[in-house]
Amino acid sequence: MIKEIKQIAKLLKKAKKIALFTHINPDCDALGSTFGLYYALKQLNKKVDIYSKDPFTAVEKVLFDESVIKKTLCRTKEYDLFVACDVPSYFRLGEYEKTFHENQNFVVVDHHQNAGLKGLHNYIDPARSSCCELMLDIIKMLKVKITKEIASCLYVGLSSDTTSFVNSNTNSKSFQTASQLINYGADVCALNETLYHTRTRKSIDFKKYLWNNFKIKGDCAYCVMPYEELSRLKGKKSDCDGYSTSLISIQGVNYSFSIVEEKTGYFSVSMRSKIGYDVRSKAELLGGGGHLCAAGVKFKAKDMEDAKNKVLAVIKKEN
Ligand SMILES: [Mn+2]
C-alpha cells in the first residue's frame, strides 16, 4: 500500500494542472476527500479544479464551498492528471465516464470494492471506513501542512461514512484517523452540530413519512417513496437518505431498503444489512454495488410495485 501512496504523491507533485472527480450524487465522504485533496494541492501552488454535476444538499452547502465546483469539462488536454476520489467504477463517474475512458492519465483513491476503474496508480482499500481515511495518507505524503480546513473536510467524510462511528466499517484505524484529524484542528462539536443536529421541518416530514409507511416482510424492512408522494412533500431523493439506515436498526430485521421514484419510472434503491449479512451481492444482482452492509442501485421499472418486487426477490435469494 505504501508504494501506491508514494507513487500517487509523486504524480501529484509532478503535475501542474490537476482535475479532481468524485462519484455521482456525492456524499460527505466523496466531497470531503475531494476537497481535502484540493486544499492540500493548493498549498503546493497547483492549478486544481473539482468537477461535479450534482447540486449540494443543504448540509453539504454548509460544509463545503460549492462555488469551487466546475461542471463543464471542455479542454481535457489542459490537465496533466485526473484524480477519482471515492469512485469504484466508470459508471459512477456519471457524465465524466467518457473522459476517463479517453484519458488513461488518472489515479484512483477509494475504499469501495473496485468495479473496474483503475488508473496509472491506485490506492484502493475496502478495509478502510472511508475515502477520507485513505486521503489523509496521501496528503501526509505530500508533506503539506494539514490545516484545520483539510482536517475538517476529512473528518466529515470519516464521520458520515461510519454514521458517527456506528456502521460495521468502524474499526480501530477509523478511531485513530479521527483522533489525528482532531489533533490537526477538526472542530468535532461544530461539525457534529451541522451533520447530526440540524434538522429542517421538511426533513421531519420525511421522517414522519418513513415511520408511518414502512413495511416488514420476513427479516426485511422497507419503505417506498413514489414520485407523486415525493412531489407532494416537495422533496427530492436526498431527503430520503437515511431511510434504509433507520430501518436496519429494527430488532429482528437483517435487511432493509428504501426505493425512491426520482421521476416516473426511474427508481433509486438504497440497501442496508446487519453485520454478517451481505447486501452488496444482492445489489449487484440488480446491476448496482457498494459495500457489504451498505449498497445501492438505480434502475427503470414499470411501476413501484414492479420495482419493489425486484428488490424483494433478490433479498429472498440465498447467497
Ligand atoms: Mn465513501
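Every number here is computed from the coordinates shown, using simple stated rules; none is lab data. What you are looking at is a predicted structure, and each value in this text was computed from that prediction instead of being measured. Reconstructed Cβ throughout: ideal geometry from the backbone, glycine too, with neighbour counts over all protein chains shown.
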So how long is each side of region 146-234 along the principal axes, counting just the alpha-carbon atoms, biggest first, in Å? 47, 31, 18
Over the chain, what is the mean sequence separation of C-alpha contacts under 8 Å (at least six apart), divided by residue count, expressed as relative contact order in percent? 13 percent
Stretched out fully, how many nm does the piece from Arg199 to Asn183 gain, at 0.36 nm a residue minus the Cα gap? 2.9 nm
Total formal charge among the other residues, if their Cβ is under 12 angstrom from that of Gly94, Lys/Arg +1 and Asp/Glu -1: +2
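So what's the projected area for region 1-53, the Cα convex hull averaged over all directions, in nm²?
Working: hull surface 15.8 nm².
Over all viewing directions, region 1-53 projects a mean Cα-hull area of 4.0 nm².
Once you have the alpha carbon radius of gyration of region 181-277, what is it after dividing by 2.2 N^0.38 Å, with N set to its residue count?
Details: Rg = 15.6 Å, N = 97, 2.2 N^0.38 = 12.5 Å.
Normalised by 2.2 N^0.38 Å, the Cα Rg of region 181-277 equals 1.25.
Determine the gain in length on full extension of the stretch Lys53-Thr245; use 0.36 nm per residue of separation and subtract their C-alpha separation, reporting nm with one decimal.
Numbers: separation 192, 0.36 × 192 = 69.12 nm, distance 2.58 nm.
Here the answer is 66.5 nm.
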As an exercise, identify the trypsin sites (Lys or Arg not before Pro) in region 206-271 lying in DSSP coil whose Cβ has no more than 12 other Cβ atoms within 10 Å. Lys234
What value, in deg cm²/dmol to 500, does the helix sum -39500 (n - 2.57) over DSSP H runs of n ≥ 4 give at 222 nm once divided by the residues of the chain? -12000 deg cm²/dmol
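Given a Förster distance of 25 Å, report the FRET efficiency between Lys77 and Leu120 from their Cβ-Cβ distance, rounded to the nearest 0.05.
0.90
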The chain: radius of gyration over Cα atoms, expressed as a fraction of 2.2 N^0.38 Å: 0.99
Run the reach check for Lys207 against lysines, Cα to Cα strictly under 25 Å, same-chain hits fewer than 8 apart removed. What comes back? Lys61, Lys215, Lys217, Lys234, Lys236, Lys237, Lys263, Lys274, Lys298, Lys308, Lys310
Between 0 and 90 degrees, rounded to the nearest ten: what's the tilt of helix 148-161 against the longest Cα principal axis of the chain? 30 degrees
Cβ under 12 Å from Tyr39's Cβ, Tyr39 left aside: what net charge do those residues give with Lys, Arg +1 and Asp, Glu -1? +2
Straight-line reach from Lys3: which aspartates and glutamates have Cα under 20 Å away, leaving out those fewer than 8 places along the same chain? Asp86, Asp110, Asp125, Glu133, Asp137
Can you list which of the trypsin sites (Lys or Arg not before Pro) found in region 42-84 are DSSP loop residues with at most 12 other C-beta atoms within 10 Å? Lys71, Arg75
Would you mind pulling out the separation of the Cα centroids of region 96-161 and region 184-222, in Å? 26 Å
With everything on Cα atoms, drop me the angle between helix 304-316 and the longest principal axis of the chain, reported from 0 to 90° to the nearest 10. 80 degrees
To the nearest 20 debye, region 90-137 has a Cα-centred charge dipole, built from +1 on Lys and Arg Cβ and -1 on Asp and Glu Cβ, of 100 debye
Go from 0 up to the bin containing the longest alpha carbon distance in region 108-154, width 10 Å each, and give me the % of pairs per bin. 25, 49, 23, 2
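By the gyration tensor of its Cα atoms, with a ≥ b ≥ c the square roots of the eigenvalues, what is the shape of region 1-154: rounded for a/c under 1.5, prolate for a/b over b/c, or oblate? Walk me through the numbers before you get to the answer.
Numbers: a/c = 1.13, a/b = 1.01, b/c = 1.12.
It is rounded, given that a/c, with a ≥ b ≥ c, falls under 1.5.
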So if each residue of separation counts as 0.36 nm, and I subtract the Cα-Cα distance between Glu305 and Tyr266, what length gain in nm does that give? 12.8 nm
Using alpha-carbon positions, what is the distance between the centroids of region 10-45 and region 271-295, in Å? 28 Å
Determine the dipole magnitude for region 2-196: charges of +1 sit on the beta-carbon of Lys and Arg, -1 on that of Asp and Glu, nothing else is charged, the reference point is the Cα centre, and the result goes in debye to the nearest 20. 1040 debye
Give me the percent relative contact order of region 201-316, please, defined on Cα pairs under 8 angstrom at least 6 residues apart. 20 percent
